[in-house]
Amino acid sequence: MLEEVEHWLTTRSWSATDRPLHRILAAKQRTGQSVSVVLPALNEEETVGDIVAVIRHDLMQQVPLVDEIVVVDSGSTDRTSMVAAAAGARVVHRDDILPRIPAVPGKGEVLWRSLLVTSGDIICFIDADLKDFSSDFVSGIVGPLLTEPGVDLVKAMYDRPLAGYEEVYAEGAPQKGGGGRRVGQGGRVTELVARPLLNLHWPQLAGFVQPLGGEYAARRSLLEQLPFPVGYGVELGMLVDALHLVGLDALAQVDVGVRKHRHQDGQALGRMAAAIYRTAQLRLARGHLVRPSLTQFERGEDGFEPRTYSVDTEERPPMAEIAEYAARRVA
């Protein structure tokens, strides 16, 4: 298994600089494939506009790589929709997509519904909370799908400095504690939960640097066949299901540099970890499992008080099974 992973790292791990933009554009023109960029967004007014503006300028106005940018708003209470629309995105509200199926909270829910309001042969997902955004995030992960016919899904890989470490990280200076670049890294749920799960149960996926990263691109023909966990487990579930459906050689990753974004607090990470563990558990042994919950503690006036949350375990079926989607494809 180790040899298989090492071979995969050699043949399916690239840098964004490996494919110049002119080569990617030539492949797009030759194959006639279209590209949609989807940003799932919830209260991201501070960052979503800049991301949309960079993509529009670099990859729509300067070069015709991206055909549409769609921001799917999952119930923002701030100016996310207005800012995204002003920057040039088409904004669609989650509840307006497939209204016969009531929407539930969760990132995976938004990604699943986005298949119904996009037209691209290739769909590129980008989180809406990124700072100092570079269009390399899009061109880097879309490139292999246009130039390599055997690749169906591409994850971005990057460094993830924690807040407060960005400046020294950018300068290449040693990090606090003498650990070099590794100290202060983000991706805590990845290292404590997702990576151990993948290495133990799906060792073929051990080569993915950022298995939970929110920046990835895939062929519509693959996405429409996958179930979508509605919450935080969507990235792990998609990776595992894609492995079983198309095989390791159809999966790839591209180094796009450094990812800066808003970090969640420890309790939010705990809920994320529980959802990811449950997603893995469902794939290891489906059925006969109780609906789980997670109890955490916060200090109140009378000491530590319990807060119990349900773990989002619902999954949406492959979009290809939805009648409205099938009718749209026929039309």
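Summary table
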quantity: Structure-derived Rg/Rh (Cα atoms, Kirkwood Rh): which label, when the choices are (i) 0.98; (ii) 0.95; (iii) 1.36; calculated: (ii)
quantity: Under-5 Å amide H pairs with W14, H placed in peptide plane, nonlocal only; calculated: Q253, V254, D255
quantity: Burial ordering of T80, T11, T147, fewest other beta-carbon atoms within 10 Å first; calculated: T11, T147, T80
quantity: The stretch 2-330, dipole about Cα centre (Lys/Arg Cβ +1, Asp/Glu Cβ -1), debye to the nearest 20; calculated: 480 debye
quantity: Table column - 3J(HN,Hα) (Hz), the stretch 215-224, Karplus curve with 6.51, -1.76, 1.60, x for Gly and Pro; calculated: 10, 7, 10, 8, 6, 4, 4, 8, 4, 6
quantity: Value at 222 nm in deg cm²/dmol, rounded to 500, when DSSP H runs of n ≥ 4 in the chain each add -39,500 (n - 2.57); calculated: -10000 deg cm²/dmol
quantity: Cut-off under 5 Å, modelled amide H: who pairs with E68 long-range; calculated: V35, V37
quantity: Q225-Q296 FRET efficiency (beta carbon distance; Förster radius 41 Å; 0.05 resolution); calculated: 0.70
quantity: The chain: most fluctuating residue of D265, D67, D50 per GNM, C-alpha cutoff 10 Å; calculated: D265
quantity: For the stretch 2-330: lysine pairs under 24 Å (alpha-carbon distance), excluding those fewer than 8 apart on one chain; calculated: 9
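Coordinate-derived values only; no laboratory data. Just so you know, these numbers come straight off a predicted model, no measurement behind them. Positions of Cβ are generated from backbone atoms using ideal geometry, with glycine treated the same way; all protein chains shown enter the neighbour counts.
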